[in-house]
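First comes the structure, then the notes that go with it.
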Amino acid sequence: MEILGLINLFFAIVIGLYFWNLLRQQQGSKTAVDRESRREMEKLRRLKSIALSEPLSELTRPKELQEIVGQSDGLKALRAALCGANPQHVIIYGPPGVGKTAAARVVLEEAKKNPLSPFAPDAAFVEVDATTARFDERGIADPLLGSVHDPIYQGAGPLGVAGIPQPKPGAVTKAHGGVLFIDEIGELHPIQLNKLLKVLEDRRVFLDSAYYSADDHNIPQHIHDIFQNGLPADFRLVGATTRLAEELPPALRSRCLEIYFRNLTPEEIGIIAANASAKIKLPLEPGALEEIKRFAANGRDAVNMVQLAGGVAFSEGRRTITKADVQWVLSCGQYTPRPQNRIRQEPAVGVVNGLAMYGPNLGTVIEVEAAAAASRPGRGQVKVTGIMDEEEFGRQGRTMRRRSQALSSVDNVLTVLRTCLALRPQDYDIHINFPGGIPVDGPSAGVSMVTAVASVLTNQPVSNLVAMTGEVTIRGLVRAVGGIVPKVRAAGEAGVKKVLIPKENWQESFALQREVEVVPVSTIQEVLEHALLEAADQLHLPAAPRTQGALLGAFPKITPGIIP
């Protein structure tokens, strides 16, 4: 018995020493961790105590709706979509630097003030950049939708040691009850986008793991609930993109209201630049402001120019930003002037102001010019330059090539000239050109081409104060086209006084236009009545001879002052 007692005492001492040593190790480890944590916290405190001045881009970022320049229509639409009792998902189209992100932020704050809004005062605004949102096909990590930290991966912790998978919420759950803003949403990986659409439908996100079993009683109840019922993800999506609407998946567009932010005018660029100079207390000389208005493509460009020019002035001990400072910035940054989309000063034979789109909510005035040389009767040919020959279309991985719609509309033009206008384009070699170096696509240039060719064949000049857009059918009817509002706005900015649009595109708001008259037309005859002036030879122009080889419309200028 004494021997057995000694053995028990021995083992008790050994076990005691083992646990005592283990406790010492844990205490030593905890002491070491605490010491390292205090050291790192001190480093963090020192880092946080260092602060540079706030960048001008941050100082000028709008904090309220009235601080956003030049987007009254877009803001009105965004408020209607988000600030009511039933907020909607939204896609904002527009060029960079025009205030899409800032607008989404301030509109959410505006929505919180509405007592009928479902957004709580602490509703989150979670911002994600789709160009950097990591997508892992293995599903190990997905910061957008969330992922599961399975036990086999390093750092799984105590739950991982026990073989328990751990769900990790993503941005969609962090935005629960608020707004998820995805910048450049068109750049999301297709799989991510499809999963996001599912989340929008279910208002929750479901996660999967091969290590989860509903019958495993060792798994905590909250993890069971996540795998069985999903993580909450009831938010409103605001996506921003610089792409065209047709470049985004139809499934995404069908779930969202679409809002367009336009490009800023030079005057609006000037307001942003003046506000930026006031923030740094370095006023701009008038000449300096005009240079910024002429070169800055958007508000971000304007702020960057002011900041760099202000740095030059400050380093030289001056309290104003001069024109020379801005010009130095323009030279260093290799900025190019904004396109001065101005119409020609005089009418011309065979030259028409057409309207086109070159970006999301961005309209422009383009010239459509035509010339004709007499040929053997019935043997004339047509050549078109500056227009896209082919286009690609398709979806779901299937792409097809076809003749472009713009080139196809040339056939319609020739038919209209023969059957509706009683002209004989087949007796002439006709050249239609779209100058500018950017291939034109789409059917909206149909009426412009008919007008240009009709002008040279009848020697009637086209008014320089008229612009037009519309598809023309073989019966001479003018059909609706897209982008009417930005096209009309671009025409007014270019100095056009009258815009001819398809009757089907008419909106009541056009009747309130002040700087430009918008005229709805339904036939090509109506277009020509508004666009063509009296014959050039009656206006004492040297008439183009109609002999073989002669170029019709070779004298395009009309003496100023005789426009009716």
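The values are calculated or read from the model by the stated rules, or taken from the named source; none is laboratory data. Being a predicted model, the structure only gives us computed values, none of them experimental. Neighbour counts are summed over all protein chains in view; Cβ atoms, including those assigned to glycine, are modelled from backbone coordinates with ideal geometry.
What to note about this one:
- Any chance residue 482 is on the phi < 0 side of the Ramachandran plot and in a helix (DSSP H, G or I): no
- From the options 128, 107, 98, residue that is touching a Pro at 6+ places or on another chain (Cβ under 8 Å) and either buried (at least 17 other Cβ atoms within 10 Å of the Cβ) or of a type in the set (S, T, N, Q) (or both): 128
- Qualifying residue in the stretch 509-530 (condition: more than 29 Å from the chain's Cα centre (by Cα), part of a loop (DSSP other than H, G, I, E, B) and at pLDDT 90 or above): yes
- Scanning the stretch 288-312 for residues that are in a helix (DSSP H, G or I), within 27 Å of the chain's Cα centre (by Cα) and among the aliphatic types (A, V, I, L, M) yields a total of 7.
- Residue check, residue 475 within 26 Å of the chain's Cα centre (by Cα) and among the charged types (D, E, K, R): no
- Residue that is nearest to the chain's Cα centre (by Cα), among those in the stretch 56-107 that are of a type in the set (S, T, N, Q) and over 21 Å from residue 265 (Cα atoms): 88
For every residue, the table says whether it meets (1) over 26 Å from the mean Cα position of the chain (by Cα); (2) assigned to a loop (DSSP other than H, G, I, E, B); (3) without any contact (Cβ under 8 Å) to a residue 12 or more places away in the chain; (4) crowded, with 23+ Cβ neighbours inside 10 Å.
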{"residue": "422", "(1), (2), (3), (4)": "yes, yes, yes, no"}
{"residue": "426", "(1), (2), (3), (4)": "yes, no, no, no"}
{"residue": "454", "(1), (2), (3), (4)": "yes, no, no, yes"}
{"residue": "487", "(1), (2), (3), (4)": "no, no, no, yes"}
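- Odd one out for residue 131 among (1) in contact with a strand residue (DSSP E or B) (Cβ under 7 Å, 6 or more places away or on another chain); (2) farther than 20 Å from residue 269 by Cβ; (3) among the hydroxyl-bearing types (Ser, Thr, Tyr): (1)
- Meets criteria (within 30 Å of residue 209 (Cα to Cα), at pLDDT 90 or above, surrounded by fewer than 18 Cβ atoms within 10 Å (Cβ to Cβ) and of a type outside the set (Val, Ile, Thr)) for residue 137: no
- Members of the stretch 204-224 found to be out of contact with any Leu (no Cβ under 9 Å at 6 or more places or on another chain) and closer than 21 Å to residue 171 by Cβ, listed by number: 208, 209, 222
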